[in-house]
Every structure is written in C-alpha cells, then in structure tokens.
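The values are calculated or read from the model by the stated rules, or taken from the named source; none is laboratory data. Just so it is clear, the structure is predicted and the values come from calculations on it, not from any experiment. Here the Cβ positions follow ideal geometry from the backbone for every residue, glycine too, while neighbour counts run over all protein chains shown.
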Amino acid sequence: MKATEIERKFLVRDDSWRACADEPHVLQQAYLYLSRRNRNSIRVRVIDGCSARLTIKFRTLSLAKEEYEYEIPIGEARDLILRAAGHVIEKTRYRVLHDGRNWDVDVFTGAYKGLTLAEIELASEEDRPKLPEWLGREVTGRKRYSNRAMAAALRVPPAAREIAGEDPSRLRRSSWHRD
C-alpha cells in the first residue's frame, strides 16, 4: 500500500509516558538496501515474532517520504533479515495517546540499548501537535537518530552510548509551542 509519511522525532526525557502507554510490540528490523546517495531504502520488519512487513521508502526534498508497505510471510521475513545490509535494529514500540494524538515511543535494545525516541506522524508539514512534557530535544532530520543510519553504521559507535545517555538537563526544548 502506498502512503506518504510525514513525521517528527524527539528524544525522550523521562519515563512518565509509560503511564499512558498501550501494550508493547517487539520489533526487529533490517535494511536490505541502503542508498547513500539518495537515502532510499528497503526495510523488513518482524513484529512480535508473528507478523512481518516489507517497506520501500523514497526520500523527497521535504519532510515527507513516499512509502510502500506490504505484509509478507514471517518465514520469508526471517530469511530476509539474515541478508541485512548492516545491523539489525531491535526495539520495543509503545503507542502513547497524548492530547488525542498517537505517539510511537521506541525503546531500543541490542546495540542501541538505552536510547528512547518518540515519533508522531503528521497530517501535513504545517501540522503542529501539542507536545508532551516527557519529550526532550527534537531530532527530526538528524541522521544519527534515524533507524536507517543506525543500521548502516559500519560499527556501533561509542556515540551510541552518548545518544542513549544524554544528560536530560542538557536537552533543549523544541521551538514548537506547548499548551
């Protein structure tokens, strides 16, 4: 199914979001194709070990990404993960409702253990949702926080500890308005 994805991404300041979180889903994802030139990608994702999706993403000049996503058999997904172009990303995803909007909070395990990111999908680039207090600094567009870049890293850099262990008092608030 074709879709356009527009999202913002933030570091997470604390665990207060857990009080509003739905049931978690364990995700494993691997990239089968990573274009350095145009940042297009092909990703396979296994969800809770029992379902899987293949996603093809095309980067545009704006925040939007064209995305094609298809359910695939779990056995085929596991085979494809073995052919990963880089690291397999492991994380637990929680859906968190805030001010009538769904946020995805990803708690990373494996190589990026300690990193927690929150994303929200937007209806348009002008969409300005109310931001929860548990958010830290906005990292939208910062390459080192993209799953694609983390998977493509030649080695998991010591910076992974820096990413995960940033001092919350140093996190800058977004320029978006909080209500």
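Out of the residues in segment 42-71 that are at pLDDT 90 or above and of a type in the set (D, E), state the one that is nearest to R8 (Cα to Cα). Full working, then the answer.
Pass one, segment 42-71, residues at pLDDT 90 or above: 42-56, 68-71.
Remaining after also requiring of a type in the set (D, E): 48, 69, 71.
Values: D48: 25, E69: 20, E71: 25 Å.
It comes out as E69.
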**Item:** Selection within segment 14-46 - of a type in the set (D, E, K, R) and either farther than 13 Å from F58 by Cβ or touching a Ser or Thr at 6+ places or on another chain (Cβ under 7 Å) (or both)
**Value:** D14, D15, R18, D22, E23, R36, R43, R45
**Message:** I'd like to check something: does segment 44-61 contain any residue that is farther than 19 Å from A3 by Cβ, surrounded by 15 or more Cβ atoms within 10 Å (Cβ to Cβ) and not charged (D, E, K, R)?
**Reply:** yes
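Take L11 and tell me if it is buried (at least 17 other Cβ atoms within 10 Å of the Cβ) and either touching a residue at least 40 places away in the same chain (Cβ under 8 Å) or in contact with a Ser or Thr (Cβ under 8 Å, 6 or more places away or on another chain) (or both). I'd like the intermediate steps shown before the answer.
Values: buried (at least 17 other Cβ atoms within 10 Å of the Cβ): yes; either touching a residue at least 40 places away in the same chain (Cβ under 8 Å) or in contact with a Ser or Thr (Cβ under 8 Å, 6 or more places away or on another chain) (or both): yes.
For L11, the condition - buried (at least 17 other Cβ atoms within 10 Å of the Cβ) and either touching a residue at least 40 places away in the same chain (Cβ under 8 Å) or in contact with a Ser or Thr (Cβ under 8 Å, 6 or more places away or on another chain) (or both) - is met.
Given the structure, is A123 surrounded by fewer than 18 Cβ atoms within 10 Å (Cβ to Cβ), assigned to a loop (DSSP other than H, G, I, E, B) and in contact with a strand residue (DSSP E or B) (Cβ under 6 Å, 6 or more places away or on another chain)?
Against the criterion (surrounded by fewer than 18 Cβ atoms within 10 Å (Cβ to Cβ), assigned to a loop (DSSP other than H, G, I, E, B) and in contact with a strand residue (DSSP E or B) (Cβ under 6 Å, 6 or more places away or on another chain)), A123 does not qualify.
Go through segment 1-29 and give me each residue that's assigned to a strand (DSSP E or B) and modelled with pLDDT under 90.
Filtering segment 1-29 down to residues assigned to a strand (DSSP E or B) leaves 2-5, 7-12, 21, 25-29.
If the condition is that a residue be assigned to a strand (DSSP E or B) and modelled with pLDDT under 90, then K2, A3, T4, E5, E7 are the ones that fit.
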**Item:** Total residues in segment 54-98, condition farther than 21 Å from G141 by Cα and free of Cβ contacts under 8 Å to residues at least 24 places away in the same chain
**Value:** 5
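How about segment 127-145: which of its residues are outside any loop (DSSP other than H, G, I, E, B) and touching a strand residue (DSSP E or B) at 6+ places or on another chain (Cβ under 9 Å)? Spell out how you get there, then give the answer.
Taking segment 127-145 as the starting set, the residues that turn out to be outside any loop (DSSP other than H, G, I, E, B) are 135-138, 143-145.
Correct list: L135, G136, R137, E138, Y145.
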**Item:** Total residues in segment 19-28, condition surrounded by 13 or more Cβ atoms within 10 Å (Cβ to Cβ) and under 26 Å from L131 (Cβ atoms)
**Value:** 5
**Item:** Hits in segment 138-157 - residues which are surrounded by 13 or more Cβ atoms within 10 Å (Cβ to Cβ), at pLDDT below 85 and of a type outside the set (A, V, I, L, M)
**Value:** P157
**Request:** Identify the single condition in (1) basic (K, R); (2) more than 20 Å from A153 (Cα to Cα); (3) touching a helix residue (DSSP H, G or I) at 6+ places or on another chain (Cβ under 9 Å) that K2 does not satisfy, given that it satisfies every other one.
**Result:** (3)
**Complete:** Of the listed residues (L32, L80, L63, L54), the one being of a type outside the set (D, E) and either in a loop (DSSP other than H, G, I, E, B) or under 30 Å from R128 (Cβ atoms) (or both) is L63
